[in-house]
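Every read-out reported here was derived from the displayed coordinates using simple, explicitly stated rules and does not represent laboratory data. Model, not experiment: these values are computed from the prediction. We place every Cβ from the backbone using ideal geometry, glycine too, and count neighbours over all the protein chains shown.
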Amino acid sequence: MAYLLLLPGGVWLLLFYVIPTISMLSVSLQEGSLEQGYRLTWNVGVYGEVLLRNDTQIIRSVLYGFVTTVVTLLIAYPLAYTIAFHGGRFKNALLFLVILPFFVSFIIRTIQWKFVLADQGVILGTLKDLGILGQGFHVLGENVAVLGGLIYNFLPFMALPLYVALEKMDKSLLDAADDLYSNRAVAFLRVTFPLSLPGVFAGSLLTFIPSVGDFINSEYLGSPSTTMIGNVIQQEFLQNNDYPEAAALSFLLMAAILIGVALYARVLGTEELTG
Amino acid sequence: MSEIDRLFDGLDRPVSRRELLRRAGRGSMFLGAMALLAACGVEAQRRQEGDRLEPLPAEPAGELIMANWPLYIDKGPTGSPTVKGFESEFGIDMKHDEVINDNEEFFGTIREPLSQGQPTGWDIVVLTDWMIAKMNRLGYLERLHHEELPSFEANVADKFRDPWFDPGNEHSIPWAAGITGIGYDVEAVGRDIVRFEDLFDDDLAGRVGLFAEMRDTFGLALASMGIQSPDATVDDVEAAQQMLISNRDKVRGFYGNDYTDGMARGDLVASMAWSGDIFALSLDNPNLRFVIPEAGGMRWSDNMAIPVGAEHPLDAHLFMNHVYDPRIATNITEWVWYESPVAAVQEMIRADAAGPDADDLSCSPFCAELAEDRFVFPTEETNVQTIPYKQLDEEEEQVWNDLFQTVVQG
Amino acid sequence: MKRRGWVLPLYTGVALLYLFLPIAIMMLFGFNDIRGRFNFTWQGFTLRHWQGIFDTPELTLALKNSLLVAAVSTVVATALGTMIALALTRHRFRGRGSTNLFIFLPLATPEIVLGASLLSLFVTANVTRGILTILIAHIMFNISYVVVTVKARTQGFNREWEEAAKDLGATPWTAFRTVTLPLIFPGILAASVLAFALSVDDYVITLFNAGATSTFPLWVAGASRFGVPPAVNVMGTLIFVVGAVLALTSVALQRRSYRGARPEELMPRPSPVSAA
């Protein structure tokens, strides 16, 4: 029965993901150029090369992903909690409103953020006029701007799975916990939070994984000092036409992410992941 | 037991022999897939079709699909008057898509079909001269039938004939041209910017921009060191690379089209810029100036070409010829504000500006200034200050790109 | 949940304002009375951009394409993804561990390589690039997102309830339809909303696989060379307002149809501490 359920989606992914990915793997091991053509030479050395050359960007990307995930979790959790438990009949509407900004293209969102964060813009300009900030202060081009963009863009990815896990919890359990523990904070930590862990896990994955490979936020809101591995892959692919290196970097990125995910699952899995 | 524990159960279990065999089986299937891919082989990617002159159909197909840069053709309330005029005059259904934002990005999307000899979906593409040179090297562009392009032959300005990147205009004809120089806000900077190195003055630190376009940035840097791009050796480029890296902290970023955003908002007070953009920006902010660096700026042209395998080549030729009519070319230039390859345009704009319908023109009320702008219509003096890109072969391009990558990435 | 403090609702309000901030700016700049080409700085208020918004055929076509692809890909991806999620959480089977791990791979693959390698596949198979290929690509990357989101709901699913229904004489399908489906529905709904947003917003993968077809993000990217044109801001505002109105209408409709208890309230919840 399980295999039957897996079949349609599995076939789709096999055809349109697995096969292209295997061909990508093959490309990473090839050598050559556009004019001379590429040949499969099993050039495993390329992985070492790109790893050494781009270690800064890889580490930076993982760090950005990590910070993004933690901060979005902190921001999204109370939001999802409120919608799930205090939303009442507005639940679905509120949830939809959370994701609605993402129906207008990311380009629009990012350009408007550039407007908000402009050196002499509404926020910074006013603060500078009031003398709170020095004239040389700027946000765009710094880590903060890129992280801000990442956090903003991945907030719904964290909020939705959190909501899904929270909403299904049996409220009588929570009432019981409230009665048992004198402190609401303790009740939360002992009962609510552990029960919501599947949502935390899912949300973290949906946030961490894509954000590590992101390039848009760094490109629009960042500077050379915020280059992420996604930007490097973009450049290798489009400008250098170095498809083997771009492919190798992609696999390194995927491997790094998988290892991170496996570790994360292990850490969470040692607790009683009920639900 | 929890979901996650089960996941790790699978990884922890000691492996039985049956399990081992099964896994070995799966592993060898995987290797088999790989071997299959290897056997498929990858042929050389250079196409031969670009060298032959493919015969044109006798009749136009009635359809035309063109890819262009944004804001590069005249615009009316419901679309482009030029496109609409072409459609009604020739009875051809034309789709003008502004999908090209970056030469390499666009090339990345058509490379695959081209290398396998398949149609890209586009009949005309407009790409910058060095990309035309690259695609020519790869044989990806159809040879043009100049007998279908009488307007081009009659009206093109001499400086655009037989260019370095496409001898004899065999595969492309120009659409528009421009200059890469420096744009700056004279009030915010407090003085005139004259040389490329002026961008690195300490008082401007953190508020200047360079281009992410390798040929432009290296071009200006090399020029400032006294080297013209076409003569540059790898050693020269390495020196330029070092110079840029040592000044990188002062630069706010390496921009593409979005430098105009920074300049309009005041985040950037000086930046590498394109001639037509600054003309447009200066209409909103008269403090903005464009200057060609003392040591030289880069001149470039964007050109129409037909990718190999295009499905409506005759219709493509008809349109390419159509826009070389001086009246049509003038209409386009009055909107686009970049140099037209048609010689008569400058005079026609002057005439339009002085004429009775001057207020209805798309460049109104700046038409007179437009006609006299020496960057939109470079004079002999201006031309001498500009340098073309270097014709790079594949290996050189790789080296230059690698060097530039270290500049742009941190 | 008797204690209704003001902290959380206030926080929610602030969070929603944060989410809407760029949207508000977008709406504002749809009214910008620009003199030249650039829509970077505020130059005055006008309504002229709202006239004839559907007159630009390319923009309307791009929008239609985006909505069509998003709708179809959402339905298909949600169906396929939900089935996978159910298989992973309701059943034990060989290879479940690895499937669990590998379902994350599409999320981890950089879009540009995903897009380019898929294009490679289409070219080799001589498939013309257009709406169909965009659709295929969107369904492909949406499946993983759906699986992860639905799993958050179906985790530790208790089959006893379905078994009980079957014992009472229901067919497996009826048991599924009346017991399981309503319980996991919020997860499916959330997953489909996410998938729709992802599809409408996709740029890189679509860029590579669209051929000469235009979608809204592709069109916007091209048009935004000098800042987002007022026309695009206006279109974005429309999308947003329509969406918000839909959300509010659904609230009003809900009130009317569920006079009594909601389905979840009729069905006792599976105990979260079940031995699964």
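In percent, how large is the relative contact order of segment C:55-217, given Cα pairs closer than 8 Å and 6 or more residues apart?
Once normalised by length, the contact order is 45 percent.
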**Study point:** Assigned charges on the beta-carbon of Lys, Arg, Asp, Glu; segment B:258-410 dipole about Cα centre (debye)
**Key:** 300 debye
**Study point:** Average other protein chain Cβ within 10 Å of Cβ, residues B:388-395
**Key:** 1
Revision key, fill the gap. With the dipole of the protein assembly as shown defined by +1 on each Lys or Arg Cβ and -1 on each Asp or Glu Cβ, the option from A:Trp12, A:Val232, B:Tyr140 whose Cα lies farthest towards the positive pole is A:Trp12
Practice item. Hey, could you grab the Kirkwood Rh for the protein assembly as shown? Inverse mean 1/r over distinct alpha carbon pairs, Å, one decimal. Key: 29.9 Å
**Study point:** Normalised alpha carbon radius of gyration of segment A:63-143 [divisor 2.2 N^0.38 Å]
**Key:** 1.46
**Study point:** Hits among aspartates and glutamates - C-alpha to C-alpha of B:Lys250 under 12 Å, sequence gap 8 or more where chains match
**Key:** B:Glu197, B:Asp198, B:Asp201, B:Asp202, B:Asp203
Point to revise | Shape metrics for chain B, restricted to C-alpha atoms - Rg then Dmax, Å | key: 25.5, 93
Practice item. Take every Cα pair under 8 Å in chain B that's 6+ residues apart, average their separations, divide by the length, and report that relative contact order as a whole percent. Key: 23 percent
Practice item. Return the ratio Rg/(2.2 N^0.38 Å) for chain C, where Rg is computed over Cα atoms only. Key: 1.23
Exercise for review: Counting only C-alpha contacts under 8 Å and six or more residues apart, can you give the relative contact order of segment A:54-269 as a whole percent?
Suggested key: 28 percent
Review point. Projected onto the charge dipole of segment C:55-217 (+1 at Lys/Arg Cβ, -1 at Asp/Glu Cβ, origin at the Cα centre), which of C:Leu59, C:Ala125, C:Ala170 gives the Cα projection farthest towards the positive end?
Key: C:Ala170
Exercise for review: Please sort by residue number the chymotrypsin sites (Phe, Trp or Tyr not before Pro) in segment C:1-105 whose DSSP state is loop and whose Cβ has at most 12 other Cβ atoms within 10 Å.
Suggested key: C:Trp6
Check your understanding: Over all residues in A:117-129, what is the mean tally of Cβ atoms on other chains that come within 10 Å of each residue's Cβ?
Key -> 2
Exercise for review: About the Cα centre of the protein assembly as shown, how large is the charge dipole given +1 on each Lys and Arg Cβ and -1 on each Asp and Glu Cβ? Please answer in debye to the nearest 20.
Suggested key: 6340 debye
Exercise for review: Run the dipole for chain C about the Cα centre, Lys and Arg Cβ at +1, Asp and Glu Cβ at -1, nothing else charged, and hand back the magnitude in debye, nearest 20.
Suggested key: 660 debye
Review point. Which longest run of chain C has no exposed loop site in it, a site being trypsin sites (Lys or Arg not before Pro) in a DSSP loop with at most 12 other beta carbons within 10 Å, and the site itself not part of the run?
Key: C:95-258
Exercise for review: Mind listing the long-range amide H neighbours of B:Ile65? Cut-off is under 5 Å, sequence gap 5 or more, other chains count too, H placed in the peptide plane at 1.01 Å from N.
Suggested key: B:Lys95, B:Asp123, B:Ile124
Check your understanding: Which listed residue (B:Thr217, B:Gly206, B:Ile193) has the Cα farthest towards the positive end of the charge dipole for segment B:86-219, taking +1 on Lys and Arg C-beta and -1 on Asp and Glu C-beta about the Cα centre?
Key -> B:Thr217
Review point. Just for segment B:49-203, what percent of DSSP beta bridges are antiparallel, to the closest 5?
Key: 10 percent
Review point. Reachable aspartates and glutamates from A:Lys168, Cα under 16 Å, same-chain residues fewer than 8 places away excluded?
Key: C:Glu264, C:Glu265
Check your understanding: Got a sec to turn the phi values of segment B:210-227 into Karplus ³J(HN,Hα) couplings, 6.51 cos²θ - 1.76 cosθ + 1.60 with θ = phi - 60°, whole Hz, x for Gly and Pro?
Key -> 10, 8, 7, 7, 4, 5, 6, 5, 4, x, 5, 5, 4, 4, 5, 9, x, 10
Exercise for review: Estimate the FRET efficiency between B:Ile245 and A:Leu52 by the formula 1/(1 + (r/R0)^6), using the beta-carbon distance for r and 22 Å for R0, to the nearest 0.05.
Suggested key: 0.70
Point to revise | Residue among C:Val76, C:Val251, C:Val14 with the largest mean-square fluctuation in a Gaussian network model of chain C, springs linking Cα atoms under 10 Å | key: C:Val14
Point to revise | Set of lysines near B:Lys95 by C-alpha distance (under 23 Å), chain-local residues within fewer than 8 positions excluded | key: B:Lys75, B:Lys84, C:Lys64
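Using R₀ = 35 Å, calculate the FRET efficiency as 1/(1 + (r/R₀)^6) where r is the Cβ-Cβ separation of C:Phe45 and A:Leu74; round to 0.05.
0.35
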Check your understanding: Using θ = phi - 60° and the Karplus curve 6.51 cos²θ - 1.76 cosθ + 1.60, what whole-Hz ³J(HN,Hα) does each residue of segment C:138-144 get, with Gly and Pro shown as x?
Key -> 5, 4, 4, 7, 6, 3, 4
Practice item. Once you have the Kirkwood Rh of segment A:54-269 from its Cα pairs, apply Stokes-Einstein at 4 °C and 1.567 mPa s and quote D in µm²/s. Key: 67 µm²/s
Revision key, fill the gap. For the protein assembly as shown, percent of DSSP beta bridges that are antiparallel (nearest 5) comes out at 65 percent
Revision key, fill the gap. All alpha-carbon distances of segment C:55-217, grouped into 5 Å bins from 0, give the whole-percent distribution 1, 9, 16, 17, 16, 13, 10, 7, 5, 3, 1, 0, 0
Check your understanding: Under the definition of partner shielding as Cβ atoms of other protein chains within 10 Å of a residue Cβ, what is the mean value for peptide A:141-149?
Key -> 1
